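The values are calculated or read from the model by the stated rules, or taken from the named source; none is laboratory data. Keep in mind that this is a model prediction, so the values were computed, not measured. Here Cβ is always computed from backbone atoms with ideal geometry, including for glycine, and neighbour counts include all displayed protein chains. In case anyone asks, the SASA skips ligands and DNA or RNA and just uses the protein heavy atoms, side chains included. Shrake-Rupley method; radii C 1.70, N 1.55, O 1.52, S 1.80 Å.
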Amino acid sequence: MAVTHTFAIGREQCFQQIDRLIKSHSLHTSESLCKLLRYLAEHSLDHPGIALKEYQIATEVLGRPAGFDPQSDSTVRVQAGRLRVKLAEYYANEGPDDPIVVEVPKGSYALTFHLRTAKAGLQPAVPLTIESVLTKPEPSSSTRGWAIAVVALSVLLAASFSTTALILSERPRSQAGTSPSVPVAFQIFWNRFLTGPQQPWVIFSNGSFVGRPETGMRYFNPASDTRSFILDHYTGVGEVLAIHQLDGLFGLLNRPIGVKRGALFTLDDAKNNDLIFVGSPSENLTLLDIPGTQEFIFQRLDSGPRKGDLAVLNVHALPGEPRIFLGGPANNPTTKDYAVVSLLPGLDPSRSIVILAGDTTFGTQAAVEFVCREDSVKELLRRLGVSKPGELKPFEALLHVKIAHGVPVMTDLVSVRHRN
């Protein structure tokens, strides 16, 4: 019989505070400290009272080899000390009024969560402030949630507008691997992203803008604008819906995913994780820092009546194929678009990168929907000649998208290229 103990702070509140810390200016630039903080939080909340060993942290979080010796290598202690300093810095500057204070007590790697009150400061002696259920041992499962609040813009060939969108997903995910009921096509296509030691990261585009929503906004121009006034927390409606689709798909695949906006992407992410980029290089500027597509390349036209519009350049056009694929004019309602779906090797050969991107935010949405539908994934695998997990090699594919009233209504697979 289960016995439930409810304490002062809910588990979800604790994870929300961890997410707030990871996104803060104090911590977001240090990928290693963010990974360490999340790992310590998950262990402290999922396994209260069970002490963490330096060896565990070193090998599971910091990438140290199996022969790691905590007696001769102080890496874990140094990183924990850096984390304590960053947490203190955050609460002194960015979060003096946060209701929950997270600390790493000296001599321990178990996080503590303290509830702050308006008048009395911190409440001392709040125990493991989570909702815990004590039951007989049984196969473990965890509930992972993530929330993203973004102001949505039509970001590529459309006029500026804004609306607030919220994605909130929370579901139990088995740790036993992919269910046999998952369509085989998904298991084949996403195989590389289901077997890695770290969860895949979805990197969504957020272009650089200047101005204010209420008075008018435009893209940042490095030749004339000051970087101190950049707004880099905007993304498109297609990207928002795309992340929701991917979260649903990976929930089906029993594989948690991380989500990060492009401005916070680091090369450590590219080296250590399998990545899914949502949005074209014109918006997802982080794609410019890593090897990208070679067959279908996003490029702005530099001449002609459509000068300045974004198009897809067909680098090695086959007989009968056009050299340039161009969506609808920027000054008209968007009725068609082109998008790219590609699987590429990562900076680390053991890692993989998927790029899902359209000329416009609607094309990006269509590209993600394409790889989240069983029938379209089957068609793609058939065109690639792949029928078993492990057979899928790097490729690039081009999609034609029909759009009605700002919604992708039909997507056709136009061309496929194998990568060497």
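Just checking, how many residues over region 29-41 are open to solvent by 40 Å² or more (accessible area, probe 1.4 Å) and either of a type outside the set (S, T, Y) or in a helix (DSSP H, G or I) (or both)?
Qualifying residue count for the region: 4.
Within region 205-218, track down each residue that is loosely packed, with under 15 Cβ neighbours inside 10 Å and of a type in the set (S, T, Y).
Of region 205-218, the ones loosely packed, with under 15 Cβ neighbours inside 10 Å are 212, 214-216, 218.
If the condition is that a residue be loosely packed, with under 15 Cβ neighbours inside 10 Å and of a type in the set (S, T, Y), then T215 is the only one that fits.
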Among the residues of region 327-360, write down those that are open to solvent by 40 Å² or more (accessible area, probe 1.4 Å) and either over 21 Å from V401 (Cβ atoms) or modelled with pLDDT of 85 or more (or both). T335, K336, P345, L347, D348, P349, S350
Odd one out for Q13 among (1) closer than 24 Å to D269 by Cβ; (2) open to solvent by 80 Å² or more (accessible area, probe 1.4 Å); (3) of a type outside the set (D, E, K, R); (4) within 26 Å of the chain's Cα centre (by Cα): (1)
Please work out which residue is most open to solvent (accessible area, probe 1.4 Å), limiting yourself to region 388-404 and to residues that are in contact (Cβ under 8 Å) with a residue 60 or more places away in the chain and outside any strand (DSSP E or B). K388
Any residue in region 345-368 that is closer than 16 Å to G262 by Cβ and of a type in the set (S, T, N, Q) sitting within a Cβ distance under 8 Å of a residue that is modelled with pLDDT of 90 or more and not in a helix (DSSP H, G or I)? List the pairs, counting only those 6 or more apart or interchain. T364/V278; T364/A339; T364/L356; T364/A357; T364/G358
Can you confirm whether S303 is open to solvent by less than 10 Å² (accessible area, probe 1.4 Å) and either under 26 Å from F186 (Cβ atoms) or not β-branched (V, I, T) (or both)? no
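Among K86, K23, K35, which is farther than 16 Å from G107 by Cα and in contact with a helix residue (DSSP H, G or I) (Cβ under 7 Å, 6 or more places away or on another chain)?
On the way: K23 fails: in contact with a helix residue (DSSP H, G or I) (Cβ under 7 Å, 6 or more places away or on another chain); K35 fails: in contact with a helix residue (DSSP H, G or I) (Cβ under 7 Å, 6 or more places away or on another chain).
Criteria check complete, one pass: K86.
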Residue pairs within 7 Å by beta carbon, gap of at least six or interchain, first lying in region 210-237 and among the β-branched types (V, I, T), second part of a strand (DSSP E or B) and open to solvent by 100 Å² or more (accessible area, probe 1.4 Å), listed first then second, are V210/R218
Report every pair of residues separated by at least 6 positions or lying on different chains whose Cβ atoms are under 6 Å apart, first residue within region 406-420 and more than 16 Å from P322 (Cβ to Cβ) and free of Cβ contacts under 8 Å to residues at least 12 places away in the same chain, second open to solvent by 60 Å² or more (accessible area, probe 1.4 Å) and part of a strand (DSSP E or B). V409/K402; M410/K402
Scan (1) more than 19 Å from the chain's Cα centre (by Cα); (2) closer than 28 Å to L267 by Cα for the single condition L399 breaks and write down its number. (2)
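For region 26-55, give me each residue that is within 18 Å of the chain's Cα centre (by Cα) and not β-branched (V, I, T). Explain how you work it out, then say what you get.
Residues of region 26-55 within 18 Å of the chain's Cα centre (by Cα): 27-39.
Matches in region 26-55: L27, H28, S30, E31, S32, L33, C34, K35, L36, L37, R38, Y39.
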Which fully enclosed strands (runs of 3 or more DSSP E) of region 247-360 have 1 or more residues being within 24 Å of the chain's Cα centre (by Cα)? 258-261, 275-278, 296-300, 336-345, 352-358
Kindly provide the set of residues from region 221-239 that are surrounded by fewer than 22 Cβ atoms within 10 Å (Cβ to Cβ) and part of a helix (DSSP H, G or I), ordered by number. R227, S228, F229
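Considering only region 61-83, state which residues are of a type in the set (D, E, K, R) and either in contact with a helix residue (DSSP H, G or I) (Cβ under 7 Å, 6 or more places away or on another chain) or open to solvent by less than 60 Å² (accessible area, probe 1.4 Å) (or both).
Within region 61-83, the first condition is being of a type in the set (D, E, K, R), and the residues that meet it are 64, 69, 73, 77, 82.
R64, D73, R82 - these are the residues of region 61-83 that are of a type in the set (D, E, K, R) and either in contact with a helix residue (DSSP H, G or I) (Cβ under 7 Å, 6 or more places away or on another chain) or open to solvent by less than 60 Å² (accessible area, probe 1.4 Å) (or both).
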